[in-house]
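The values are calculated or read from the model by the stated rules, or taken from the named source; none is laboratory data. Since this is a predicted model, take the numbers as computed values, not measurements. Because the Cβ atoms are built from the backbone with ideal geometry, glycine has one as well, and the counts that use them run over all protein chains shown.
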Amino acid sequence: MIAITWTTKNIQIYNIYWSSWLDDCGFVLLMRRSMLRPWDLAIQLQHQHGTALHRQIVQAIIEEIRRGRLARGAPMPGTRELAERLSVNRKTVVLAYEELAAQGWLEAQARRGTFVAAEFPVAEKGLDPAALLQGADPVGSGSEGSMPVLDTEWHGEANAGVIDFNDGVPDSRMIPYAALARAFRHALIKTARNNQLGYGDPRGALALRQSLARMLNLERGLACNEDTLCLVRGSQMGIYLAARVLVRPGDAVAFEALSYAPAREAFRACGATLLAVGQDQYGLIPDELERLCRTHRVRAVYVTPHHQYPTTVMMPAERRLRLLALAEQFDFAIVEDDYDHEFHFDHRPMLPMASIDRGGKVIYIGSMSKGLAPGLRVGYVAAARSIVDRCAATVRQIDRQGNAITELAVNELLESGELKRHLRRALRVYAQRRDAAVQVIRSELEGLVEFDIPPGGLALWLRLCNGQDASSLTARALAHPIRLVPSEQYATDSAAVPGIRIGYASLEPDKFAAGIRSLRAVLMSG
């Protein structure tokens, strides 16, 4: 027989452990409940009304379900909790729940609680609460002010099981999580302790603007400072700000014949008239732009010279110089969207057009979130001080300012060198994935597509052979199941597009190869 002697210290340790375990259990239960039902159910009862209280609860909950504010399967408050909130006897709520369950509106699940039924009563079979929440389009689907629905982004969550050939999205799984989490923690502590979580400069956090200016000046040849930079929530916001600042209704803005649809729509939303400029294997054709300028008052030209979107080609130096000369001659602005400058494999990236701009004609737009993850939403506009001031005034109107914590966290990654180390690692992976993508396309799609190996970027441009119809390809591909960005979105002038853009960076080589084999079957069947 073994005797166990309990000392006071043993008992104290046991009590601490037991209390801690109970606290943890309570915390877990509380977390589960708060995750199921983070908001209160608002019901107004008329205590002086002639209708019994439990009937009022029944009618109120049915109305909430019918209006779509309580969705199918939504968790209901516990009877004790709801009774306390409504200042009624718990039996009143129990009676209401029992009646709702009997009618088929609610269902009780053992050990879990009460939930809105997955299927509504027979008399309500046609009820679609979600449609009520969506409502009618107040502008009208056929109005001139309605915005087209674009489909250039990656919808990985919505397409579970589908191989998604997006238009060139980075692989966010490669993000340096630990370093980013540490940077966010430091940023939050710093801003909270220094009382800096209030309103700030609409141009963005000063520290990040200063760091960005140093990076852009040293690595990309710009001549900017914190006063000629405006931080934005991704490059698309930068494009929209440029459109708001530059154009007035009726102004002409030139785009390459194949271009980035969200950029076109940003300018169109600001009242611009869009003009299509011809392009070839080197991008925009300056002679065609000059002819347009002699017949139209062109206010701005939007270009992606580093890796032309969508065809991936790089605009040579002589064309860049010619474009800048035309901007001086015809007094238009150049919006240079350098959306993936970091991702260049074959040699050092060519410096942006903004680096050789001496007349203040270029509005340079870039993104920090592309190098990390698009969801971080950190981009910038570099331009003349007057342009940046007007961009900041527009930010103040529509967004007030950016997210200071995110901006300071990104600044820490930039200043510590962590971002540069991450980009070096990512560049090696993406170069390997590009080479693997080229090899499998050559093997599987020979005679079906033609393409040139791009010097950089995160996508390939495949030119279709044998008169393949790119517009019908997207719908046919989904049945296999692979997703392609609809090619018709690239056309500035609505002309037929003879190619498709295939992003490879976010897919591991085996998955990319499987998708290409499925694409072969689609092309062969067409």
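Against the test of being in contact with a strand residue (DSSP E or B) (Cβ under 6 Å, 6 or more places away or on another chain) and either of a type in the set (A, V, I, L, M) or not assigned by TED's automatic domain parsing to the domain that holds Phe115 (or both), the options Leu100, Leu95, Leu86, Leu82 yield a single qualifying residue, Leu100.
The rows are residues; the columns are (1) within 23 Å of Leu323 (Cα to Cα); (2) touching an Asp or Glu at 6+ places or on another chain (Cβ under 7 Å).
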residue	(1), (2)
Gln210	no, yes
Glu226	no, no
Ala242	yes, no
Val253	yes, no
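Looking at Ala477, Ala514, Ala459, Ala491, just one residue is more than 23 Å from Asp340 (Cβ to Cβ) and out of contact with any helix residue (DSSP H, G or I) (no Cβ under 8 Å at 6 or more places or on another chain), and that residue is Ala514.
Mind checking which pairs have a first residue in the stretch 161-177 that is under 16 Å from Leu519 (Cα atoms) and a second that is of a type in the set (S, T, N, Q), Cβ under 7 Å, 6 or more apart or different chains? So the pair list comes out as Ile163/Ser518; Asn166/Ser506; Asp167/Thr152. Out of contact with any Lys or Arg (no Cβ under 6 Å at 6 or more places or on another chain), at pLDDT 90 or above and small (Gly, Ala, Ser): is that true of Ala495 in this structure? Considered against the rule, which asks whether it is out of contact with any Lys or Arg (no Cβ under 6 Å at 6 or more places or on another chain), at pLDDT 90 or above and small (Gly, Ala, Ser), Ala495 comes out as no.
Listed by first and then second residue, the pairs linking a residue in the stretch 470-489 that is touching a residue at least 24 places away in the same chain (Cβ under 8 Å) to a residue that is of a type in the set (Asp, Glu) and buried (at least 18 other Cβ atoms within 10 Å of the Cβ), with Cβ atoms under 8 Å apart and 6 or more places separating them unless they lie on different chains, are Ile482/Asp164; Arg483/Asp164; Val485/Asp167. In the stretch 72-96, the residue that is farthest from Ala52 (Cα to Cα) out of those that are touching a helix residue (DSSP H, G or I) at 6+ places or on another chain (Cβ under 6 Å) and free of Cβ contacts under 8 Å to residues at least 40 places away in the same chain is Arg80. Residues that are crowded, with 20+ Cβ neighbours inside 10 Å, aromatic (Phe, Trp, Tyr) and in contact with a helix residue (DSSP H, G or I) (Cβ under 6 Å, 6 or more places away or on another chain) do not occur anywhere in the stretch 317-338.
Results for (1) out of contact with any His (no Cβ under 9 Å at 6 or more places or on another chain); (2) of a type in the set (Asp, Glu); (3) at pLDDT below 90; (4) farther than 30 Å from Ala300 by Cβ, shown as yes or no for each residue.
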residue	(1), (2), (3), (4)
Ala392	yes, no, no, no
Gln401	yes, no, yes, no
Arg428	yes, no, no, yes
Gln439	yes, no, no, yes
His480	yes, no, yes, yes
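Of all the numbered requirements in (1) small (Gly, Ala, Ser); (2) assigned to a helix (DSSP H, G or I); (3) farther than 27 Å from Ala373 by Cβ, Gly515 misses one, and that requirement is (3). Could you list all residues from the stretch 299-338 that are in a helix (DSSP H, G or I) and touching a Phe, Trp or Tyr at 6+ places or on another chain (Cβ under 7 Å)? Matches in the stretch 299-338: Arg319 only.
Of the residues examined, Leu427 is not one that is closer than 30 Å to Thr311 by Cβ, within 22 Å of the chain's Cα centre (by Cα) and crowded, with 21+ Cβ neighbours inside 10 Å.
If you filter the stretch 312-360 down to residues that are small (Gly, Ala, Ser) and farther than 22 Å from Ser235 by Cβ, you find that the one that is farthest from the chain's Cα centre (by Cα) is Ala325. When the stretch 485-498 is limited to residues that are surrounded by 13 or more Cβ atoms within 10 Å (Cβ to Cβ) and touching an Asp or Glu at 6+ places or on another chain (Cβ under 9 Å), the one that is farthest from Leu448 (Cα to Cα) turns out to be Thr492. Of all residues in the stretch 369-394, those satisfying the criterion of being β-branched (Val, Ile, Thr) and either over 21 Å from Asn217 (Cα atoms) or not in a loop (DSSP other than H, G, I, E, B) (or both) are Val381, Ile387, Val388, Thr394. Filtering the stretch 339-350 to residues that are in a loop (DSSP other than H, G, I, E, B) and of a type outside the set (D, E, K, R) leaves Tyr339, His341, Phe343, Phe345, His347, Pro349, Met350. Out of everything in the stretch 502-514 that is touching a residue at least 60 places away in the same chain (Cβ under 8 Å) and out of contact with any Lys or Arg (no Cβ under 9 Å at 6 or more places or on another chain), what residue ends up being surrounded by the most Cβ atoms within 10 Å (Cβ to Cβ)? Going through the qualifying residues, I end up with Ile502. Among the residues in the stretch 76-89, are any charged (D, E, K, R), part of a helix (DSSP H, G or I) and surrounded by 16 or more Cβ atoms within 10 Å (Cβ to Cβ)? Scanning the stretch 76-89 turns up at least one residue that is charged (D, E, K, R), part of a helix (DSSP H, G or I) and surrounded by 16 or more Cβ atoms within 10 Å (Cβ to Cβ). All of Ala436, Ala470 fail the test of being out of contact with any strand residue (DSSP E or B) (no Cβ under 9 Å at 6 or more places or on another chain) and surrounded by 13 or more Cβ atoms within 10 Å (Cβ to Cβ), apart from Ala436. I need a count of the residues in the stretch 19-67 that are surrounded by 10 or more Cβ atoms within 10 Å (Cβ to Cβ), at pLDDT 70 or above and either of a type in the set (S, T, N, Q) or in a loop (DSSP other than H, G, I, E, B) (or both). Residues meeting the conditions: 8. Residues in the stretch 286-296: is at least one buried (at least 22 other Cβ atoms within 10 Å of the Cβ), outside the structural domain of Gly456 (by TED's automatic domain parsing) and closer than 23 Å to Ile356 by Cβ? Yes; the residues of the stretch 286-296 include at least one that is buried (at least 22 other Cβ atoms within 10 Å of the Cβ), outside the structural domain of Gly456 (by TED's automatic domain parsing) and closer than 23 Å to Ile356 by Cβ.
This table checks each residue for (1) surrounded by 18 or more Cβ atoms within 10 Å (Cβ to Cβ); (2) without any contact (Cβ under 8 Å) to a residue 60 or more places away in the chain.
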position: Phe343; (1), (2): yes, no
position: Arg348; (1), (2): no, yes
position: Gly359; (1), (2): no, yes
position: Gly371; (1), (2): yes, no
position: Arg377; (1), (2): yes, no
position: Ala393; (1), (2): no, no
position: Gln401; (1), (2): yes, no
